[in-house]
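What follows is a short report on a single structure.
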Amino acid sequence: IKNEKLQFPICVYLKGGKYTALSMQCTHQGCELNPNKTSLVCPCHGSEFSTEGKVQSAPADKDLKQFKVITDNENIYIEQ
């Protein structure tokens, strides 16, 4: 998801009925992450993050920024 107010897109995952919205900016040196089904990977230095935003592989040592997600029967709302 792109937002004109943010420099990087937001990646949304659905796991176990719960949505997680994560910044796609690597916490190591700020490269844009590549999302896949099970993780987000940094093309610059190889850091890897879980679909919950937790660091799985260095050199990053901080988890990704998470956004609050609210849902109703039809919509997903992401708060900045």
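The values are calculated or read from the model by the stated rules, or taken from the named source; none is laboratory data. Note that this is a predicted model, so its numbers are computed, not measured. So basically every Cβ, Gly included, is an ideal-geometry build from the backbone, and we count neighbours across all protein chains shown. All accessible areas refer to the heavy atoms of the entire protein, side chains included, with ligands and DNA or RNA removed. Shrake-Rupley method; radii C 1.70, N 1.55, O 1.52, S 1.80 Å.
Once the Kirkwood radius over Cα pairs is known for the chain, the Stokes-Einstein relation at 10 °C and 1.306 mPa s delivers a diffusion coefficient of 124 µm²/s. With the whole protein complex present, residue 70 retains an accessible surface near 70 Å², based on a 1.4 Å probe. Stretched out straight at 0.36 nm per residue, the stretch from residue 32 to residue 3 would grow longer than its current Cα-Cα span by 9.0 nm.
Remark: the Cα gyration tensor places segment 1-48 in the oblate category, a/c being 1.5 or greater and a/b not exceeding b/c.
Once the chain from residue 45 to residue 61 is taken as fully extended at 0.36 nm per residue, the excess over their C-alpha distance is 4.5 nm. By the Cβ rule of 4.7 Å, the chain holds the following cysteines without a possible disulfide partner: 11.
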